[in-house]
Each structure stands twice: as C-alpha cells, then as structure tokens.
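Only one structure is covered here, and it is reproduced in the block below.
The values are calculated or read from the model by the stated rules, or taken from the named source; none is laboratory data. Source: prediction; values computed, not measured. Here the Cβ positions follow ideal geometry from the backbone for every residue, glycine too, while neighbour counts run over all protein chains shown.
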Amino acid sequence: MRTRLYQIAAALLCGALATAISPPTEATPGYAPGPALEAVATSVAAALARTPIPASTRPPVAGYASSGVNLGRCASPGDSAGDPCQVGDGHGHATVVIFGNSHATMWVPALETIALAAHWKLYLVLKDACGYDYYIDYHNLWPAHSTCVLWYKSALKEISYLHPNVLILGSYESTTYWYQAEDTITQTLRGLTKRFIIIGDDPRAPIPGPCLEKPGATQGTCLYTESQSDIDAETTNADLARDAGVQYISVAPLFCDAGYCPALINGYLPTKDGAHLTRDYSASLSQALGYLLNLTGTSTRSVTSLPLPTTTTTTTLPSTTTTSIQQ
C-alpha cells in the first residue's frame, strides 16, 4: 500500500507544484517537497560514495547534544495546559494548535515559519516526556505518570476553548501502547477542530554526532538503514488516520531514501539523538511541511493526504558497495 500511495503522490506533485504556504492557485515551481526530497537522495548518494564529512555542518557536529528544540516552560508546563505559549502571527486571522510531547515539540521551528507566512496564530499545547499512553492512563499507568494524565485533561479544556481551525498531532510510535493511545486521542481531539492532522514519527536512528566525530569517519560510515519496525509502524499510523478520517503526513522520505538514511542531509544533522530533530533541520523543512499542511489552500489535502513520494528515481545505487551500514 505504501508504494502505491507514493506513486499516486508523485503523480500529483508532477501535475502542479504549490508554494509552501500559499493556495494551490498560486503555484511556484520549487516551493514543494521536491527540494527536500532531492536533498535526502543526494545525501544518500554522497554517503554511498564515502564522501568526506564537510568542515561546516548545521548545527556543528561538536554541538549535537544541545541542538534539539528546547522550548522551556512552553513544553514543560507541569500539571496544567492553561495559558499555552503562542507564536506565529499574533494578529493572525485563524488558529492552529500543535499538540503532543517532544515529537510534536520538534516540529515547532518549521511550524512557526509556516504560521508566520500564512498569518496564523500558532498555540503550543505541549508536554514533553509523556508517552501518549501516559496521557490517557492506558493500562493503569497511574500514578507513575500522574502529571501527564492531569496535564492531558487540562489540555482538552484548553483546546476546546481555543476553537482551532487546524489541530496537529506529532506522532510518537515508541511506547508499548502507542497505537491504542493515539487512536483514543485522535478520536477525542478531532471533534474539537475543523481539521485534524497527524504528522508521522521520524525514523529511529543511531545518534549521528558521535559517529561523525570518530577519526576517519565519512558520510558513508554513518549511513544506516530504515528498520522494518519503523516502516510497519508508519503503515499502521497511516491506517489509523485513514480509519479516523483525518489527514496523515508521512515524513520518512524527509530522512531516508531507498531504505538508506544519512547522518547528514544537505549539511544538516537531522536529529540530535536519533529520534528528535535538531532545531536547524526542523526549520529547514518549513517549505516541504508547509506545502502538505496547506494552511491557506482549499485542496483535498484538507481531508486526507498521501505520503511524500519516494525519491529512489533520483538516487543511483551501486550494484555492490563496501560502505559500512549501521543498523
């Protein structure tokens, strides 16, 4: 199913390229996911060719540990979601809410740029360090995660008060009961907004910084392969969204191409720890993500969307390689 959806999405993209944050009628070539996908494909090819690590990266390799998206109290608000932080256009005519834990927080740099350009208010209803099964106390996880449960109950009231035009959930697929919890939360939250969107989780990977810092390392020695468990989880997540009648955005092609996932993408470290985006890479994806969110447009993506297409046609893979692939 995933391959078929990619093919359909590729055909749609070839038909017309829309700007990252403008209606489909204002098409501008180059302002679609294409450049971001090409950057991944090019980076995979560079890794397979064992290309040296560039002298300058964003963020610097040495600073990888502190390169994540840290929003302070805006993502660690204690037991209450009251008075959430607001970014984007403070005088915006419409409201978008990003909801969830650190796997929602990591998209804020991209979303802030999108909201500013689209003249939308962006509210951050976020609490890091909580699996979604903790939010709903699935399988009697209380009282170990009571703060998460209390915050979630408060968040529901806050979101209802905000009446968002768009509500975005940053998916987190790593806890034991993530599917059951995300399904429950989706069914609950979709009734609080005109449009509900799930952003898929990024593929898990080894921490890129330590690998890139090793003596003699190249981009090839830090290349890894997308795991089958990540692929299966994404398929499950897309099915969940389809069954709930909400939009799903696959982000895996923004990290991996042809099953290969580079530790550097166009000079960016994509994650600080193999799971959470760096602030720099998140911000760099504003055009690609903005195109799929389509905040100011009226296309059918407001109901459902297809995953980003693969870019395997732009990546030339050698028949044999001595590249060290890290699992």
| said: When you scan segment 135-147, do you find a residue that is in contact with a Leu (Cβ under 9 Å, 6 or more places away or on another chain) and crowded, with 23+ Cβ neighbours inside 10 Å, even just one? | reply: no
| If Thr3 passes every condition in (1) in contact with a helix residue (DSSP H, G or I) (Cβ under 7 Å, 6 or more places away or on another chain); (2) at pLDDT below 95 but one, which one does it miss? | (1)
| message | Residue pairs, Cβ under 9 Å, 6 or more apart or interchain, first in segment 142-156 and among the basic types (Lys, Arg), second in a loop (DSSP other than H, G, I, E, B). List them. | response | Lys153/Ala81
| message | Would you confirm whether or not segment 210-228 contains a residue that is modelled with pLDDT of 95 or more and within 30 Å of His93 (Cα to Cα)? | response | no
| query | Does Leu192 satisfy the criteria of being more than 18 Å from the chain's Cα centre (by Cα), touching a residue at least 60 places away in the same chain (Cβ under 8 Å) and surrounded by fewer than 23 Cβ atoms within 10 Å (Cβ to Cβ)? | reply | no
| query | Restricting to segment 125-148, what's the tally of residues that are hydrophobic (A, V, I, L, M, F, W, C) and within 24 Å of the chain's Cα centre (by Cα)? | reply | 6
